[in-house]
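Step one of this worksheet: look at the structure below.
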Amino acid sequence: MKKRRDTHNPLPNQWLFTCPIKMPTSTIAVILGMTQSGITEVDAHTWQGEWDMANAFVREYGYDEPILSEFREGHKVNWDAPEDWMFTRAYINNSTPLAPNSNFVGELLVIRRVRPGQEKILAFVASMVAAHVKWESKRHHPDPVLAIRPLALVLEGWETSLLTYSKTETWVVNAWAEQ
């Protein structure tokens, strides 16, 4: 029987970080070695739920306004919906579904103005990133670039060393260190 992972055994990673408040995105990209990656930056200050987070990413990615009607207060956001349209900047010559000639360049996701009480929403985003990192690693194995850092999620001002999504998914939040 497969041993279940619990919150006492957080998953180490190379994709989940915190950064100092107001650190320029360009500096984050340089330090993480992601200057050639797509960059997506959103502000979490007003997020009240997963629906708010989904709308922030929809707006940042520049999708048409009608998609916003899917995510209203009190409306449960299905994990598959945002995961299907997120990470679009991670590909050059992208298409849906991904064409064999799609070139994965990675994506840096920066969430600004994180505040207490948003742990569940941030863990929801982290779970999507974790799944996409795993999928990309399998898709391009053994690409050494992906082995280093295919995607990165940076939580501005995050002060806790862990981020928990479920009893089986807890990740270490890598402390910021100038490199």
Leading residue by the ranking (farthest from residue 113 (Cα to Cα)) among those in the stretch 9-34 that are in contact with a strand residue (DSSP E or B) (Cβ under 9 Å, 6 or more places away or on another chain) and of a type in the set (Val, Ile, Thr) = 31
key: Residue list for the stretch 45-72, filter: modelled with pLDDT of 85 or more and among the aromatic types (Phe, Trp, Tyr)   = 47
request  = Please identify the pairs in which a residue from the stretch 44-63 that is outside any loop (DSSP other than H, G, I, E, B) has its Cβ atom under 9 Å from the Cβ atom of a residue that is modelled with pLDDT of 85 or more and of a type in the set (D, E, K, R), counting only partners at least 6 apart or on another chain.
outcome  = 50/120; 56/43; 60/41
request  = Name the residue, out of 116, 100, that is modelled with pLDDT under 75, loosely packed, with under 12 Cβ neighbours inside 10 Å and in a loop (DSSP other than H, G, I, E, B).
outcome  = 100
remark   = Among 42, 30, the single one that is closer than 18 Å to residue 174 by Cα, modelled with pLDDT of 85 or more and of a type in the set (Val, Ile, Thr) is 30
note = Of the candidates 156, 107, 136, the one satisfying the condition of being in contact with a Lys or Arg (Cβ under 7 Å, 6 or more places away or on another chain), modelled with pLDDT of 65 or more, farther than 21 Å from residue 46 by Cα and not aromatic (Phe, Trp, Tyr) is 107
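The values are calculated or read from the model by the stated rules, or taken from the named source; none is laboratory data. Given the structure is predicted, the values throughout are model-derived calculations rather than measurements. Ideal geometry is used to build each Cβ from the backbone, glycine not excepted, and the neighbour counts take in all protein chains shown.
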